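Shown next, in structure tokens, is the structure this report addresses.
The values are calculated or read from the model by the stated rules, or taken from the named source; none is laboratory data. Given the structure is predicted, the values throughout are model-derived calculations rather than measurements. Neighbour counts are summed over all protein chains in view; Cβ atoms, including those assigned to glycine, are modelled from backbone coordinates with ideal geometry.
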Amino acid sequence: MTIKSKLVIAAIGLSFLSTPVLAENIKVGFNVPLTGFAASDGKSARNGAELAVEQINSAGGINGDKLELVIYDDQASPKEAVPIAQKLIEKDGVIAAVSGSYSGSTRAAAGIFQEAGVPYISAFAIHPEITRAGNFVFRTSFVGEVQGRAGAKLVGETLGLKRAVIITLKNDFGKSLAAGFKEAAAKFGVEVAAEYEYSIKDRQFGPIVSKVKSDKPDVIYASGYFFTAGPLVSQLRAAGITVPVIGQEGYDSQKFIDIAGPASEGTIITTSLDRDSSVAETKDFIAAFEKRSGQKSDMVAASAHTAIKVLAAALKSSGSKDRAALRDAIAATKITASTGEISFNDLGEVQKSVQVQIVKDGNWHHHSVIDDAELLAPPSK
Amino acid sequence: MLYLELLFQGIVQGSIYALIALGLTLVYGLLRILHVAHAALFTLGGYLGVLITNATGSLGLAMAVSMVVVGFVGIGVYKFAYEPLLSKPPFIALIASIALFIASEEIFRIVFGPYGLSYLNPPLQGSFELFEGFYLKYGEALVIGVSVLMLSILGWLSMNTRMGVSWRATVLDPDMARAFGVNIQNVRYLNFFVGSALAAAAGVLVALLNNLVEPTMGSVPSYKALAIIVLGGLGSIRGTLVASMSLGIIESFGTIYLGHFLDRDALAFGFLILVLMFRPQGLLGAK
């Protein structure tokens with residue numbers, strides 16, 4: 001055998017050795033309501049999360065490995081979320097998971113992930129108990145109370161309005177918002193004249209509208225999702241009530257404007273996504289989301305996108321497949337994402353400023369920013 | 001003034017309940033089936049109303065087409081879901097009905113998307129002053145007008161036409177009616193057509209008030225209409241109307257004055273329990 005042929009054989013041998021055994025995908029779980037009453041938010045959240053994964057993979061993945069979403073439909077129901085969490089941990093062996101769902105299911109799943117030592121990030125579920133499941137659970141959105149306090153500041157200080165009527169959606173979302181608002185109202189000189197409650201199934205608010213009209217408030221602080229807030233705001237306006245309506249991130253969808261139509265003009269909300277942002281990450285997200293899904297971006301999509309980006313950043317920096325190391329990396333994450341500057345406190349709650357948006361000419365636009373670290377401090381234990 | 005407005009809101013809500021619950025009570029009166037899937041026809045009516053209004057710009061046309069189409073779908077539901085089960089115990093048909101209803105929510109979601117639909121140019125959004133300080137929305141006035149009109153027409157038809165008489169005879173005693181040459185099959189078809197068409201009208205009107213139709217819009221009517229027909233005395237048409245109005249008005253005041261203790265939906269069942277304790281046959285049911 002000549003030296004040349006030896007070299008060829010050696011080269012072939014080497015090439016076998018260096019060929020990677022097909023890059024292993026990094027699996028990340030994602031529970032999201034794709035059927036049932038929350039399916040519309042679920043679809044947006046899924047689109048936001050998938051966009052983030054595509055962006056991460058096309059930019060080289062996680063240190064060369066591709067990110068892969070394992071998606072299950074939890075119907076926003078706790079009894080679906082528990083077996084899904086178990087399946088993600090045991091069958092799919094995910095390194096971490098993200099919730100693109102509401103509080104009920106996220107809270108139920110959080111305990112399972114904590115017990116198994118699998119990092120879990122809640123993208124937009126707001127119940128305070130979620131992160132209290134333990135140190136493996138994080139949240140990239142505001143807890144309800146924080147956003148409620150921001151609402152009180154918006155009403156009393158930014159808008160200078162004094163007499164508020166609260167219309168509360170009777171679930172953990174609405175109740176925690178109302179609690180935060182009432183807690184901070186006095187501090188900003190806002191008097192709560194009355195509070196009414198409605199159920200998530202209500203779309204007709206005739207009696208509440210009549211009563212609010214007779215209360216003659218300066219401002220209405222109404223919690224809800226776009227599918228309840230759209231009918232509510234349009235019915236308030238149709239009854240001749242013209243005072244400002246203050247909403248929250250649940251309104252944050254183009255669908256709210258479609259439903260309420262011209263009545264939506266001037267509605268102001270506290271949320272996480274600034275449509276007129278000059279931050280590159282936010283502008284990129286808004287453009288890419290609209291191009292990919294053919295619809296306008298919304299809060300849930302941006303929040304799911306943010307949660308995946310946080311996880312990807314932590315995977316990159318921890319560099320290992322070790323879940324405890326990944327947990328530490330998430331806790332130490334500091335990134336700029338589509339919903340702003342993200343960092344976490346000791347409980348795993350996000351620390352970021354609240355974006356205030358207003359409906360103008362049929363679109364959400366920048367109104368102001370509430371950036372009061374003391375007021376917005378999330379619970380830390 | 002506030003009490004008057006609350007009363008009026010109660011009547012609007014009661015009219016919608018009446019349109020929905022009537023179809024249910026018609027079916028129960030005739031076949032002794034609890035027709036849960038009726039609420040799916042209400043949703044379908046709402047969707048068709050919005051789609052046709054957006055395509056043609058005419059709410060009247062949308063209402064008419066929606067009622068006719070949903071009426072025929074109602075006949076289809078009877079033909080394919082209930083007729084094969086008539087010889088079985090009634091709970092079998094109830095199970096079929098519930099299954100149909102659950103499936104329909106997801107079918108609406110797959111066909112029309114999860115976000116729901118709205119009128120592009122919502123019709124009848126303005127209001128007018130009925131008397132000093134009392135404003136009436138056109139949409140709400142239409143709800144009451146349409147309900148009164150349809151129920152009057154229906155009442156007149158059942159009393160003054162051959163079809164109406166044979167329908168009443170069949171409800172009273174199917175075997176006797178058959179012996180007298182009434183075509184029972186046609187009566188059943190008519191029954192489902194009329195009940196479903198009324199539900200469709202309710203769907204279009206609710207879509208108008210909320211400017212939103214969504215896959216799950218039938219979920220509340222599905223059980224509340226059941227409560228209403230039990231309240232009214234199963235199968236009693238007058239009882240159903242009385243129960244619908246009472247419930248609408250109770251809910252209207254209850255939302256404001258009891259809202260912190262009792263959910264709006266809980267009120268319906270609280271009222272139901274209260275009535276059944278003293279009148280187990282319902283408000284106007286026969287003993």
Scan the stretch B:76-101 residue by residue and report those that are loosely packed, with under 15 Cβ neighbours inside 10 Å and closer than 18 Å to residue B:200 by Cα. B:76
Taking interchain pairs and intrachain pairs at least six residues apart, which have beta carbon atoms under 8 angstrom, with the first residue in the stretch A:255-280 and over 21 Å from residue A:178 (Cα atoms) and the second acidic (Asp, Glu) and surrounded by fewer than 21 Cβ atoms within 10 Å (Cβ to Cβ)? A:265/A:361
So residue B:5, is it within 14 Å of chain A (Cβ to nearest Cβ) and under 27 Å from residue A:36 (Cβ atoms): no
Show me the helices (runs of 4 or more DSSP H) found entirely inside the stretch A:15-130 where at least 2 residues are surrounded by 24 or more Cβ atoms within 10 Å (Cβ to Cβ) and either of a type in the set (S, T, N, Q) or within 14 Å of chain B (Cβ to nearest Cβ) (or both). A:39-58, A:103-116
Would you check which residues across the stretch B:258-287 are free of Cβ contacts under 8 Å to residues at least 12 places away in the same chain, outside any loop (DSSP other than H, G, I, E, B) and either touching a Lys or Arg at 6+ places or on another chain (Cβ under 9 Å) or under 22 Å from residue B:219 (Cα atoms) (or both) and list them? B:266, B:270, B:273
Only one of (1) surrounded by 14 or more Cβ atoms within 10 Å (Cβ to Cβ); (2) within 20 Å of residue B:30 (Cβ to Cβ); (3) at pLDDT below 95 fails for residue B:73. Which number is that? (3)
Is one or more of the residues making up the stretch B:181-203 surrounded by 21 or more Cβ atoms within 10 Å (Cβ to Cβ), over 30 Å from residue B:169 (Cβ atoms) and out of contact with any Leu (no Cβ under 6 Å at 6 or more places or on another chain)? yes
So if I check each of A:310, A:356, which one is within 17 Å of the chain's Cα centre (by Cα) and part of a strand (DSSP E or B)? A:356
Do you know which residues across the stretch A:326-351 are of a type in the set (D, E, K, R) and more than 20 Å from residue A:132 (Cβ to Cβ)? A:334, A:341
Every listed condition ((1) within 14 Å of chain A (Cβ to nearest Cβ); (2) in contact (Cβ under 8 Å) with a residue 60 or more places away in the chain) holds for residue B:71 save (1)
Every listed condition ((1) touching a residue at least 24 places away in the same chain (Cβ under 8 Å); (2) more than 23 Å from residue A:180 (Cβ to Cβ)) holds for residue A:317 save (1)
Could you check residue A:179 against (1) out of contact with any Leu (no Cβ under 9 Å at 6 or more places or on another chain); (2) assigned to a strand (DSSP E or B) and say which number it fails? (2)
Determine whether residue A:271 is at pLDDT 95 or above and away from every other protein chain (no Cβ under 11 Å). no
Is one or more of the residues making up the stretch A:165-174 facing another protein chain (nearest Cβ under 8 Å) and surrounded by fewer than 24 Cβ atoms within 10 Å (Cβ to Cβ)? yes
